[in-house]
Amino acid sequence: MATERPSIVVVGSLNVDYTLRVSRLPVPGETLNSRSMLTCFGGKGANQAVAAARAGARTAMIGCVGADESGTRYIEALAAEGIDTCGISRSETPTGIALIAVDDAGENSIIVNPGANHEITLAGIERHAELIRGADALLLQLECPLPVVRRAAEIARTAGVRVILNPSPLTDAFLCERFEVDVLVVNAGEAQRVAPERDLKEAACRELIITRGAESTLSITANGVREFFPPKITPIDTVGAGDAFTGAFAVAYSEGNPNAIAFANAAGALATLKAGAQSSIPRRTEILLML
Ligand code: RIB
């Protein structure tokens, strides 16, 4: 295993999350009162960056926030985590937001207004190409424009940097124009659309990881299927659990840890035990303790 801290670059989204606690998720046409509201930093990209940093990696974030107070506070918060924020640009479009409902079972439903996340440009990616080329792994999601995500992946793969893609939220555009990555991390629902036959060629990756909540996480490679059972817990809030899994996985995978998925399962499980996205992401010591 590598002894140096791995270096992870994340190209992705930064949102302010407004999380409302409800006894159950509303049905179409229904109005519900919430019990409480929590405002915290989120966005799949930045959540994964925080997860990677707390799991022990040197981490850099490439993305875009608004030239507003939320954007300024967000950059300060990431810098306080030790994350390199030089790749975060500012735009006139406001910082992205997410409206999240979480029910008593910890399940959630999320609506995102991308805002500045959609202002990140191909030129912006080229400006930070050296940062990507110098990483051990590049982490991507789909909350930024697809051409930007694809170009970042190309830069990384050409330089021999491993690419881990969490294709969430899954779009038809991605399914039509998918591109080669090393590892694809999907949940059970996404797996049905990405590669129903669990075919790596169809998924355009070398390893397909399927997270399945309380059930075993599957790792599918040319050598076959392996199962990794997550710790048994009672979730309070599942928001950001997938991001905690992916960020922690990127670190352990870059370290050459053969138990990278077990490490990531522990991180994902711990993230469901507290409210909020980034507020619930565990540190390396907590993950190791759970293992
Ligand atoms: O994966 C959870 C994240 O999805 C939230 O933090 C929210 O911002 C949305 O991007």
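Assorted remarks:
- Residue check: Ala262 meets all listed conditions (1) at pLDDT 95 or above; (2) out of contact with any strand residue (DSSP E or B) (no Cβ under 6 Å at 6 or more places or on another chain) but one, namely (2).
- For the residues Ile132, Ile97, Ile125, the requirement of being within 14 Å of the ligand (Cβ to nearest atom) and aliphatic (A, V, I, L, M) singles out Ile97.
- Enumeration of residues in the range 137-183 that are more than 16 Å from the ligand (Cβ to nearest atom), in contact with a Leu (Cβ under 8 Å, 6 or more places away or on another chain) and within 14 Å of Thr246 (Cβ to Cβ): Arg162, Val163, Val181, Val183
- Among residues of the range 3-18, those that are farther than 13 Å from Gln141 by Cα and within 16 Å of the ligand (Cβ to nearest atom), counted: 4
- Test: residue in the range 20-41 that is assigned to a strand (DSSP E or B) and touching a helix residue (DSSP H, G or I) at 6+ places or on another chain (Cβ under 6 Å): yes
- Residue ID - nearest to the ligand (Cβ to nearest atom), chosen from residues in the range 243-279 that are within 20 Å of Val16 (Cα to Cα) and surrounded by fewer than 24 Cβ atoms within 10 Å (Cβ to Cβ): Gly276
- When Arg90 is tested against the conditions (1) in contact (Cβ under 8 Å) with a residue 40 or more places away in the chain; (2) under 19 Å from Pro114 (Cα atoms), the lone failure is (1).
- Qualifying residue in the range 55-70 (condition: buried (at least 24 other Cβ atoms within 10 Å of the Cβ), among the hydroxyl-bearing types (Ser, Thr, Tyr), in contact (Cβ under 8 Å) with a residue 12 or more places away in the chain and more than 16 Å from the ligand (Cβ to nearest atom)): yes
The values are calculated or read from the model by the stated rules, or taken from the named source; none is laboratory data. Predicted model only: the values in this text are computed from it and were never measured. Here Cβ is always computed from backbone atoms with ideal geometry, including for glycine, and neighbour counts include all displayed protein chains.
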